[in-house]
Amino acid sequence: MTEPKKTTLHASHKALGAKMVNFAQWDMPISYSSLMEEHHAVRKSVGIFDVSHMAVFDFNGGDQIGFFEKIFANDIKKIASANKALYGVILNEDGGILDDLIIYHADEKFRLVSNCSTREQNAAWYKKYAAEFGVEVIERSDMGILAIQGPKAVETLLAMDEISDSIKDLETFGCMFEGDHLYARTGYTGEDGLELIVPNDDILSFWNAALEKGCVPIGLGARDTLRLEAGLNLYGNDMTVTHHPYESNLAWTIDTADDSRDFIGKQSLLEIDQSSCQKIIGVMLEGRGVLRPGYEISHEHGQGIILSGTYSPTLEASIGLARVDQGFGKSGKVMIRNKALNINFISPRFLRKGKISS
Amino acid sequence: MSDIPGDLKFLSSHEWVRVETDGTVTVGISDHAQDLLGDIVFVELPEVGQSIDAESDAAIVESVKAASDVYSPLSGEVIEVNPTLEDQPEIINSSPYDDGWFYKMAPLDLGEVESLLSPEDYRAVCED
């Protein structure tokens with residue numbers, strides 16, 4: 001096995017006493033103190049995540065809008081004249097999800113962040129289609145990403161000398177460049193906050209300044225419980241290349257409004273009957289126990305499977321995302337170690353803006 | 001690693017057992033085990049009256065991250081389970097050797113203790 005990759009902040013994580021884990025060939029912090037404490041720090045105050053394992057791409061020249069219109073299932077025109085970020089998926093010709101990603105646009109420049117495990121696949125995919133639009137794909141392995149998330153994220157960032165005051169004007173999904181630094185009001189926790197996509201040469205000073213201002217370092221363990229409470233999919237668990245967006249809770253990212261736009265996978269998607277395909281729903285376990293990926297579930301009109309499952313520190317119950325046959329109603333059963341336990345089906349967005357959904 | 005109490009014996013799978021003065025035994029999981037698991041949120045305990053063979057499944061402990069089987073260090077009959085664990089499973093994290101015990105049993109053969117690891121031997125297992 002090859003030596004795992006390390007982010008620029010690897011030594012800092014070790015110095016903070018982090019437990020490390022191999023995540024898609026990267027040696028990453030899973031927790032620093034207690035996952036539970038880290039989770040609550042983000043919900044109640046502010047935490048900082050090193051997510052520099054994610055893949056960053058820039059683009060140069062050519063018809064970049066035409067390129068994204070072709071490869072991206074969401075419509076890039078939504079942000080082409082704004083300083084904003086847009087979430088969506090790239091599909092293969094069969095409509096299978098190759099990855100989910102965010103494209104940022106500001107000052108006529110696009111920057112893209114996609115998953116770590118799909119880095120090589122995506123780089124090849126972008127390059128394959130970029131050529132016909134005269135676009136150069138630039139892999140920014142010199143870039144790192146910090147996510148600063150929580151109700152106190154913005155005030156904490158404003159207290160840092162390294163960050164200009166103009167970030168306070170960013171709306172949700174708004175973004176801005178300062179030189180090669182990109183600041184965006186995005187995240188993966190269901191809280192307010194920003195993601196800073198900055199050169200590795202600068203990342204240690206941002207990290208140290210944020211810790212000094214009270215940001216709690218957060219590992220991948222709490223990142224998973226936070227994103228699941230917010231009902232956000234994880235690539236590899238909740239969506240894969242063998243599933244299409246309509247059975248992955250991603251219909252809202254498929255933009256077919258522009259009839260003249262022919263994106264990769266569109267024809268396959270048009271043939272899918274959305275009223276009969278499986279759906280992703282939120283699941284909450286009634287009693288004690290913890291839902292885990294792979295657990296089988298059943299309801300009055302069909303079956304399903306848990307894709308992501310965990311214990312929710314905020315709801316103090318086990319929650320998960322499940323892919324199920326339609327007609328699921330409000331409740332069903334999950335098999336945990338040969339016992340059928342009661343589950344309730346609810347919106348996958350268990351929390352909204354850090355508050356329990358009603 | 002924190003101190004391991006000297007009156008305990010261990011399985012290499014991180015369960016401990018203490019022989020009490022009345023000849024019953026108390027079972028739990030080690031400090032190292034709770035540290036590996038992280039925040040514990042749920043425990044499934046055996047039934048009182050249940051007979052369990054040494055090194056077979058006795059309980060299940062679930063942290064946020066993972067579910068893990070707990071094996072019985074000794075054979076015997078369960079005579080009591082820790083009632084605190086139902087509502088406060090996190091006590092296993094804070095007090096693995098005392099308040100976080102799992103169950104007590106009447107052992108079938110206390111001679112089985114001889115085959116378990118001493119604190120020193122168990123420490124060596126954890127450091128491997």
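Restrict the search to segment A:14-81; then list the chymotrypsin sites (Phe, Trp or Tyr not before Pro) that DSSP places in a loop and that have at most 14 other Cβ atoms within 10 Å of their Cβ.
Those that pass, being in a loop and sparsely packed, number zero.
With the solvent-accessible surface defined on protein heavy atoms using a 1.4 Å probe, which residues belonging to segment B:1-44 display a reduction of at least 50 Å² in accessible area in the multichain context relative to the isolated chain?
B:D39, B:V41, B:F42
When a/c reaches 1.5 or more, the comparison of a/b and b/c decides; with that in mind, is segment B:1-65 rounded, prolate or oblate per its Cα gyration tensor?
Note, shape of segment B:1-65 comes out oblate.
Taking a virtual spin label 7 Å from the Cα of A:D258 along the C-beta vector, which residues in segment A:34-66 bring their backbone nitrogen under 12 Å of it?
Of the residues in segment A:34-66, A:64-66 have backbone N under 12 Å from the label point off A:D258.
Distance from the Cα centre of segment A:159-197 to that of segment A:45-119, in angstrom?
Answer, in whole Å: 16.
Can you list the lysines whose alpha carbon is less than 16 Å from that of B:K9, not counting same-chain residues fewer than 8 positions off?
B:K104
Run the numbers on chain B and let me know its relative contact order in percent, using alpha-carbon pairs under 8 Å that are six or more apart.
30 percent
Which GluC sites (Glu not before Pro) in segment A:282-358 pass both tests, a DSSP loop state and at most 16 other beta-carbon atoms within 10 Å?
Of the GluC sites (Glu not before Pro), the ones in loops of segment A:282-358 whose Cβ has at most 16 other Cβ atoms within 10 Å are A:E286, A:E300, A:E316.
What does the accessible area of A:D201 come to, in Å² to the nearest 10, when a probe of 1.4 Å is used?
Surface accessible to solvent at A:D201 totals approximately 150 Å².
Counting pairs of alpha carbon atoms under 8 Å apart in space and at least six apart in sequence, what relative contact order in percent does segment A:278-356 give?
Value for segment A:278-356: 37 percent.
Using +1 at the C-beta of Lys and Arg and -1 at the C-beta of Asp and Glu, which of B:Y122, A:N344, A:H13 has the Cα lying farthest in the positive direction of the dipole of the protein assembly as shown?
Among B:Y122, A:N344, A:H13, the one farthest towards the positive end of the dipole of the protein assembly as shown is A:N344.
Apply the Karplus curve 6.51 cos²θ - 1.76 cosθ + 1.60, θ = phi - 60°, to the phi angles in segment A:288-303 and return the couplings in whole Hz, x for Gly and Pro.
Per-residue couplings from phi come out as 8, x, 9, 6, 10, x, x, 5, 8, 10, 9, 9, 4, 10, x, 10 Hz.
Take the alpha carbon gyration tensor of chain A, find the square roots of its eigenvalues, order them as a ≥ b ≥ c, and report rounded if a/c is under 1.5; if not, report prolate when a/b exceeds b/c, else oblate.
In terms of gyration-tensor shape, oblate.
In segment A:280-314, which residues become less accessible by 30 Å² or more once every protein chain is in place, relative to the chain on its own, using a 1.4 Å probe?
Residues passing the criterion (a loss of at least 30 Å², heavy atoms only) are A:R288, A:V290, A:R292, A:Y311.
Taking a ≥ b ≥ c as the square roots of the eigenvalues of the Cα gyration tensor of chain B, is the shape rounded (a/c under 1.5), prolate (a/b larger than b/c) or oblate?
Oblate.
Students often forget the sequence filter, so: which lysines lie under 18 Å Cα-Cα from A:K279 once same-chain residues fewer than 8 apart are removed?
Once the sequence-local lysines are set aside, what remains near A:K279 is A:K330, A:K333.
Heavy atoms only, probe 1.4 Å: what % of the accessible area of segment A:28-103 goes to carbon and sulfur, would you let me know?
Ligands and nucleic acids excluded, carbon and sulfur give 49 percent.
What number comes out for accessible area per residue over the protein assembly as shown if the probe is 1.4 Å? Units Å², please.
Roughly 43 Å² per residue, with all protein chains present.
If I compute solvent accessible area with a 1.4 Å probe over the protein chains, what percent of it on segment B:8-112 is carbon and sulfur?
That share works out to 44 percent.
Between the DSSP loop rule and a limit of at most 14 other Cβ atoms within 10 Å, which GluC sites (Glu not before Pro) in segment A:31-103 are left?
A:E93
Whenever you get a sec, compute what percent of the accessible area on segment A:278-356 sits on carbon and sulfur atoms (1.4 Å probe).
Of all accessible area on segment A:278-356, carbon and sulfur atoms account for 50 percent.
In Å², rounded to the nearest 100, what is the total accessible surface buried by chains B and A against each other with a 1.4 Å probe?
For B against A, buried area totals roughly 1400 Å².
Compare A:G47, A:G236, A:G302 in a GNM of chain A, Cα atoms joined below 10 Å, and give the one with the largest fluctuation.
The residue with the greatest mean-square fluctuation here is A:G302.
Can you give me the distance in nm between label points at B:S115 and B:L36, each placed 7 Å from the Cα along the Cα-to-Cβ direction?
With each label placed 7 Å out from Cα toward Cβ, I get 2.1 nm.
Keeping all protein chains in the complex and leaving out DNA, RNA and ligands, what accessible area do you get for A:S166 with a 1.4 Å probe, in Å² to the nearest 10?
Rounded to the nearest 10, that gives 50 Å².
So if I place +1 on the C-beta of Lys and Arg and -1 on the C-beta of Asp and Glu, and nothing else carries charge, what would the dipole magnitude of segment A:278-356 be about its Cα centre? I want it in debye, nearest 20.
Dipole magnitude for segment A:278-356 comes out near 280 debye.
Starting from the residue with the highest accessible area, list A:K266, A:K330, A:K77 in decreasing order, probe 1.4 Å.
A:K330, A:K77, A:K266
How large is the charge dipole for the protein assembly as shown, taken about the Cα centre, if only the Cβ atoms of Lys, Arg (+1) and Asp, Glu (-1) carry charge, to the nearest 20 debye?
For this selection, approximately 1580 debye.
Between A:S268 and B:D3, what is the spin-label point distance in nm, taking each point 7 Å from the Cα along the Cα→C-beta axis?
The two pseudo-label positions are separated by 6.3 nm.
Hey, can you list the residues from segment A:22-41 whose accessible area shrinks by 50 Å² or more with all protein chains present, relative to the chain by itself (probe 1.4 Å, no ligands or nucleic acids)?
By number: A:L35.
Restricting to Cα pairs below 8 Å that are 6+ residues apart, what does the relative contact order work out to for chain A? Please round to a whole percent.
18 percent
Is there a pair in A:K5/A:K109; A:K5/A:K70; A:K266/B:K65; A:K78/A:K168; A:K78/A:K266; A:K5/B:K65 whose C-alpha atoms are over 26 Å apart, and which pairs would that be?
From the list (A:K5/A:K109; A:K5/A:K70; A:K266/B:K65; A:K78/A:K168; A:K78/A:K266; A:K5/B:K65), the Cα-Cα distance tops 26 Å for A:K5/A:K109; A:K5/A:K70; A:K266/B:K65.
Taking a probe of 1.4 angstrom, what is the accessible area of A:S298 in Å², to the nearest 10?
Rounded to the nearest 10, the figure is 40 Å².
In a Gaussian network model over chain A where Cα atoms closer than 10 Å are linked, find which of A:Q64, A:Q326, A:Q267 has the largest mean-square fluctuation.
So, out of A:Q64, A:Q326, A:Q267, the one fluctuating most is A:Q267.
The values are calculated or read from the model by the stated rules, or taken from the named source; none is laboratory data. Since the structure is predicted, the reported quantities are computational estimates derived from the model, not experimental observations. Quick reminder, even Gly has a Cβ in these numbers, built from the backbone with ideal geometry, and neighbours come from all protein chains shown. In case anyone asks, the SASA skips ligands and DNA or RNA and just uses the protein heavy atoms, side chains included. Shrake-Rupley method; radii C 1.70, N 1.55, O 1.52, S 1.80 Å.
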